[in-house]
Amino acid sequence: MSIPELVCPAGNLPSLKTAVDNGADWVYMGLKDETNARNFAGLNFDASHAREGLRYAHAAGAKMLLAINTFPQGQGAPRWQRAIDNAADLGIDAVILADAGLMRYASERHPQLRLHLSVQTSATNYEAINFYQENFGISRAVLPRVLSLAQVAEVVKNTTVPIEVFGFGSLCVMVEGRCALSSYVTGESPNTRGVCSPAKAVRWEKRGESLDARLNGVLIDRFAPGENAGYPTLCKGRFDVEGETHYAIEDPSSLNAMALLPELVKIGIAAIKIEGRQRSPAYVGAVTRIWRAAIDAHAKNPGHFSIQTDWANGLARVAEGQQHTLGAYHRKWK
Amino acid sequence: MKISLGPVLYYWTREALMEFYSGIAESGVDIVYLGEVVCSRRHNLRLDDWLGLARDLAAGGKQVVLSSQALIESESDLKSLRRIAANGDFSVEANEMGAVRLLAGRAPFVAGPHLNIYNNETLAWFAKLGATRFVLPLELSRDTLRELQAARPAGFETEVFAYGRMPLAFSARCFTARHHNLPKDDCQFRCLDDADGLALKTREKAPFLTLNGIQTQSALVYDLSDSIAELRDLEVDILRLSPQSHDMPSIIESFRERCAGRPGAPLDSLRVAPPCNGYWHGVPGMEYRTAN
């Protein structure tokens, strides 16, 4: 039984350091532009911080991943290609790519550069994953958060590409890389600009006693006094369907698959990914420490794994919406 | 420009589908995409039924393409996909990369709207794999299309989604079943109730999205009928019209007239909802800009 690697988010240098200090095997980051899917103001790395982060990770025996996981448009690829060149020059351990044209570029120009298939590639089955392996020699694939545990096992069984799955963090209810809801409302999407429901399109309006959250004018939710007013990610609002108002697409809950750790190890998952490059260093530190402890405890005594109370409490404190779900791993979620 | 009819995205009864396609057979549409692309549980027509329909339409002079499912999750999904890819008679529209693996180097195929062909290099790679036509991803603008067109290989066809509620997102979750508080595995096929999808409105009752099983669509109807001249100037080969439950032959006829340079019947009374065309103009998809 192999021990899955722990892959942790680094939105900036302090997060990267705390992830490494708390036991991440890999840290993943992005550049300060639209070449990555968390293109948020105040987030991400310039070249000098990337270099410093890489030194820090390598000194501790950890590896660093650069996410270049948006889709260049039209003639726009050279900018993304330069990001790949820079990653290779810096000695980044692997790049996470979503666009096939970029994978082709990277595999031809930098054959030594390790490629990971981004979740944004929407590869949900082994035929797709094996195709990317045959064409570009990918070393790992990250699965979209839409498969049940049995379906994940089926993928692992039918490919030699090591498989990475999401273990914790904010939950995309749509197949990643196949969602244009954000650009429908705001003109910017994860695929085109690396953003979803961007902050610049959000407007909060006090309306009598209640508080309205709007995205480019569209009412995403309306909060009564005392209700916890979460960020208006457009698929997590309350809407009216046939006269009934509810979370018609998804509740504001986050993914926590820790209870499935023994099964994930058993089916041969190579790595577990923590979501949250947009979250604080405190979040990254806490989640990394707890998942490190859980993975180590399971490796030491696989037959007797149980979730410690302080782990559960620690994760609950940082979860979005304070509510957890097993997501699609659990068939009932669907 | 040719006119194509996209796959029916909703779940209709067998009778409704047969009646719909008998109207299509009589219409002026050039290309018909057939098959279930949204949900593997939908079974009113099986592959053999689709193939029978395909043969009838082809005998009547239509070019027929079989569309593959956009989200492939299980071994049984893959089994159906392999049968479609190996059908031998009709070309296939690949809507995810598993289908591309089954088709590349074996048969010419159509690269569907969900394959994320956003840039020139990716377009060139698909052409090398054997794609002979691609459908522009919905969220891309005319400006991006212009760049793609300048780089496309000779003989490679470009198709643009030009009419219909837009398929904007796919999930493993069935939102129709969720609304009816049913598990997906026992959904009772409630999506049969909604011939043009289930309306999702904001809390101010403004139409926003359309739930169609695991697919989420726009509430508004994408409509490029005012941009025909521009589409022709960009050397677009095919305009795709996405089916709705009523008046489809009239909508096809209106587009045909417009493609021939005549005014064509107004679409206002034929659409299931007001129009939008923001993506084409490089602004939020839900917006509507008048032609310029």
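Every number here is computed from the coordinates shown, using simple stated rules; none is lab data. Everything quoted here is computed from the prediction, not taken from an experiment. A quick note on method: Cβ atoms are made from the backbone with ideal geometry, for glycine too, and the neighbour counts reach across all protein chains shown.
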Options A:105, B:34, A:92, ranked by Cα towards positive dipole end of the protein assembly as shown, top entry (Cβ charges): A:92
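Per the Cauchy relation, a quarter of the hull surface: what is the mean projected area of the convex hull of the alpha carbons in the stretch A:188-313, in nm²?
Value for the stretch A:188-313: 11.4 nm².
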For the stretch A:49-65 versus the stretch A:144-165, the gap between their alpha-carbon centres in whole angstrom: 29 Å
Simple spin-label estimate for residue A:114 and residue B:89 in nanometres, 7 Å along Cα-Cβ: 5.0 nm
Cβ charges +1 (Lys, Arg) and -1 (Asp, Glu), total dipole of the stretch A:181-246, debye: 340 debye
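DSSP beta bridges in the protein assembly as shown, what fraction antiparallel, as a percent rounded to 5? Kindly include the intermediate steps, with their values, before the conclusion.
Working: 35 of 92 bridges.
About 40 percent, rounded to the nearest 5.
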Normalised contact order of the stretch A:18-118, rounded percent, pairs of Cα under 8 Å and 6 or more residues apart: 26 percent
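Loop only per DSSP, at most 13 neighbouring Cβ atoms within 10 Å: give me the trypsin sites (Lys or Arg not before Pro) in the stretch B:96-141, ordered by residue number. Numbers along the way, then the final one.
Numbers: sites: B:101, B:106, B:128, B:133; in loops: B:106.
Answer by residue number: B:106.
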Whether the stretch A:255-334 is rounded, prolate or oblate, judged on the alpha carbon gyration tensor where a/c under 1.5 counts as rounded: oblate
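Within a 10 angstrom radius of each residue's Cβ in B:110-117, how many Cβ atoms of other chains show up on average? Whole number is fine.
On the way: counts 0, 0, 0, 0, 4, 3, 10, 4.
Whole-number average of other-chain Cβ neighbours for B:110-117 is 3.
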Part-to-part distance (alpha-carbon centres) for the stretch B:47-69 and the stretch A:74-111, which is given in Å: 41 Å
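In µm²/s, what is D for chain B at 25 °C and 0.890 mPa s, where D = kT/(6 pi eta Rh) by Stokes-Einstein and Rh is the Kirkwood radius from Cα pairs?
Values: Rh = 19.3 Å.
Translational diffusion coefficient: 127 µm²/s.
Pull out the extension gain between residue A:245 and residue A:85, defined as 0.36 nm times the separation in residues minus the alpha carbon to alpha carbon distance; nm, one decimal.
On the way: separation 160, 0.36 × 160 = 57.60 nm, distance 4.95 nm.
So the chain would gain 52.6 nm between residue A:245 and residue A:85.
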Residue among B:67, A:194, B:87 farthest towards the positive dipole end of the protein assembly as shown, charges placed on Cβ: A:194
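Taking every pair of distinct Cα atoms and averaging 1/r, then inverting, what Kirkwood hydrodynamic radius in Å comes out for the stretch A:181-246? Present the calculation step by step, with values, prior to reporting the outcome.
On the way: mean 1/r = 0.0803 Å⁻¹.
Its Kirkwood hydrodynamic radius stands at 12.4 Å.
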Rg/Rh ratio calculated on Cα atoms of the stretch B:175-269 (Kirkwood radius): 1.09
Point-charge dipole on Cβ atoms (K/R +1, D/E -1) for chain A, about Cα centre, debye to 20: 340 debye
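Provide the three semi-axes, in whole Å and in decreasing order, of the ellipsoid equivalent to chain A as defined by the square roots of 5 times the Cα gyration tensor eigenvalues.
Numbers: eigenvalues 179, 125, 81 Å².
Listed largest to smallest, the semi-axes of chain A are 30, 25, 20 Å.
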Rel. contact order, % - alpha carbon contacts under 8 angstrom, at least six apart, chain B: 20 percent
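Evaluate peptide A:170-179: per residue, the Cβ atoms of other protein chains within 10 Å of its Cβ; return the mean as an integer. Mind showing how you got there, number by number?
Details: counts 0, 0, 2, 6, 9, 10, 0, 3, 14, 6.
Going residue by residue through A:170-179 and averaging, the value is 5.
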Top positive-direction residue, dipole computed over chain B with Cβ charges, set B:179, B:242, B:206: B:179
Cα-based equivalent ellipsoid, the protein assembly as shown: semi-axes from gyration tensor eigenvalues, Å: 39, 27, 24
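Per residue of A:147-155, count partner chain C-beta atoms within 10 Å of its C-beta, then hand back the mean as an integer.
On the way: counts 3, 3, 0, 2, 5, 0, 0, 4, 1.
That average works out to 2.
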The stretch B:236-272 versus the stretch A:254-314: alpha-carbon centroid distance in Å: 54 Å
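So, with +1 on the Cβ of K and R and -1 on the Cβ of D and E, and no other charges, what is the size of the charge dipole of the protein assembly as shown about its Cα centre, to the nearest 20 debye? Provide the component values of the computation, followed by the final result.
Details: 67 positive and 70 negative charges, 246 e Å.
Around 1180 debye, computed over the protein assembly as shown.
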